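Read the structure below first, then the notes.
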Amino acid sequence: MFKIICIGKIKEKYLQEAIEEYQKRISKYTKLEIIELPDYNYDIKKTIKEESDNIMKVLNKNDYNILLDINGSLLSSVELSDKINNILINNSNITFIIGGSFGVSDEIKNMVNYKLSFSKMTFPHQLFRVILLEQIYRSFKIINHEEYHK
């Protein structure tokens, strides 16, 4: 099972439709749960604390937890599919964490199994959810030696 824990709701209809499409495609390979948590707009320190506390409430420490972090490891799509395939040998649950716009607490950074970066660029959180889902779908296509456009 794959979980995506993310801060904030998707507001744009076109992004909701893209997310629904990738959820449908991924369902061929695994169960997928998206957990949306509220975002806050306090000062940076308080916002990080509130959002991170909410993440910790739904985070299962027995899952293989991957934090999406600009300072994480950069992988190609093939490398990500290899990583996912290797994780699934020993752990059937993978959770991806997309923090809020100010990031997450050091507690979360220190307890995750892996930190992954898609780029040194900053992406809008709502759009990034679509990008992550597309890469999860692409990973399953690669793992299963299925054709997928490049």
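Worth a mention:
- Residue in segment 94-108 that is β-branched (Val, Ile, Thr) and either more than 24 Å from Glu20 (Cβ to Cβ) or more than 16 Å from the chain's Cα centre (by Cα) (or both) present: yes
- Residues located in segment 117-149, provided they are within 17 Å of Asp82 (Cβ to Cβ) and in a loop (DSSP other than H, G, I, E, B): Phe118, Asn144, His145, Glu146, Tyr148
- Of all residues in segment 68-125, those that are touching a residue at least 40 places away in the same chain (Cβ under 8 Å), more than 18 Å from Ile5 (Cα to Cα) and not charged (D, E, K, R) total 11.
- Taking segment 109-123 as the range and being surrounded by 13 or more Cβ atoms within 10 Å (Cβ to Cβ), over 15 Å from Ser52 (Cβ atoms) and more than 12 Å from the chain's Cα centre (by Cα) as the test, the residues that pass are Asn113, Phe123.
- Gln135 satisfies every condition listed in (1) among the polar types (S, T, N, Q); (2) in contact with a strand residue (DSSP E or B) (Cβ under 6 Å, 6 or more places away or on another chain); (3) surrounded by 15 or more Cβ atoms within 10 Å (Cβ to Cβ) except (2).
Readers should treat all values here as calculations from the given coordinates under stated rules, not as data from a laboratory. Since this is a predicted model, take the numbers as computed values, not measurements. All Cβ positions, even for glycine, are placed from backbone atoms using ideal geometry, and neighbour counts span all protein chains on display.
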